[in-house]
Amino acid sequence: MTVDIGRIGIWSGVFDAHPTEAVRAACKQIEALGYSALWLPEAVGRDPFVASAVCLSATSELRLATGIANIYARDPMTMAACQRTLAEAFPGRFLLGLGVSHHHLVTRLRKHDYSKPRSYMQQYLKDMDAAMFQALGPAEDPGRVLAALGPRMLETAATQASGAHPYLTTAEHTATARAILGPDALLAPEQMVVVTTDDAEARRIARNALAVYLRAPNYQQNLRTMGFDDTDWADPRAASNRLIDALVPHGTPEQIKARVDEHFDAGANHVCIQVLRADNQIPSGEWQALAEVLIDA
């Protein structure tokens, strides 16, 4: 049984810039507003499992998901132990999201071989399943999702996991992913948004946020399959308007809801919203404004 993460969640990469007490308060707000899940990333900041435990302890019903935990950061036995420890401590509230990350983060920073990431993932999942764990675990298998963009990784998500957590995509990609995953797998895309009706400011904020992603070959390749080309990110800091507007909807909460609904219409079970701001502050006001139109809508 896969953890039920509900329909609308929050994806946040800003917590590392704030004290843990502020993060706890933010988690309580997210839960109080009615969001069903919080997704936490892993790059070069806080440990996502420790951070998940902090957030789970600060709330009573909010589900936590890793979006994603880097498989090159831990061996399969350690990853399985992390998952099972949290799943037992917080029944039905922790979903493990796994991914292969990116070449520069794996080879340059962690000094691992990134030559065959999909094959590595497939063997890693088998080794997780076979990992020894001599402690009391969860009553039921909480499931897992994979950061999957291309057809082959999506197929792996369908056969060796409970579903997929695509990042930096569109509703058209969601439809493609659903066709590959089949009708029963969990499909939980991330969606960046900017809550402002100022087109120029929204695009400026989006460009600043996307610059780091548009340098990554994994994302570039997926964007090509979605109909974009290298001219859209010739300068990653000055992406084209058509790319920015496709990946990062902006406007009123109602306008943003319309874009979120496109993912559901395309087959998503859950959409996690990442609010972008010009600064690195926790977007409490934007979460509240969006909750008024997204929750129970």
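The values are calculated or read from the model by the stated rules, or taken from the named source; none is laboratory data. The structure displayed is predicted, hence computed values, not measured ones. Virtual Cβ from ideal backbone geometry, glycine too; neighbours counted across all protein chains shown.
Data table
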read-out	value
VAL50, sole failed condition from (1) over 20 Å from VAL194 (Cα atoms); (2) touching a residue at least 60 places away in the same chain (Cβ under 8 Å); (3) of a type in the set (Val, Ile, Thr); (4) not in a loop (DSSP other than H, G, I, E, B)	(2)
Unmet requirement for ARG215, which otherwise passes all of (1) touching a residue at least 60 places away in the same chain (Cβ under 8 Å); (2) in contact with a helix residue (DSSP H, G or I) (Cβ under 6 Å, 6 or more places away or on another chain); (3) of a type in the set (Lys, Arg)	(1)
Wholly enclosed helices (runs of 4 or more DSSP H) of the range 178-297 bearing at least 3 residues over 30 Å from THR107 (Cα atoms)	199-210, 241-247, 253-265, 284-294
Residue match in the range 54-74 (condition: over 19 Å from ALA164 (Cα atoms), in contact (Cβ under 8 Å) with a residue 24 or more places away in the chain and under 14 Å from the mean Cα position of the chain (by Cα))	no
Every residue from the range 6-23 that is over 22 Å from ALA289 (Cβ atoms) and either modelled with pLDDT under 95 or not acidic (Asp, Glu) (or both)	PRO19, THR20
Long-range neighbours under 6 Å by Cβ, at least six apart or interchain, first residue more than 20 Å from PRO217 (Cβ to Cβ) within the range 146-175, second among the acidic types (Asp, Glu) and part of a helix (DSSP H, G or I)	ALA171/GLU262
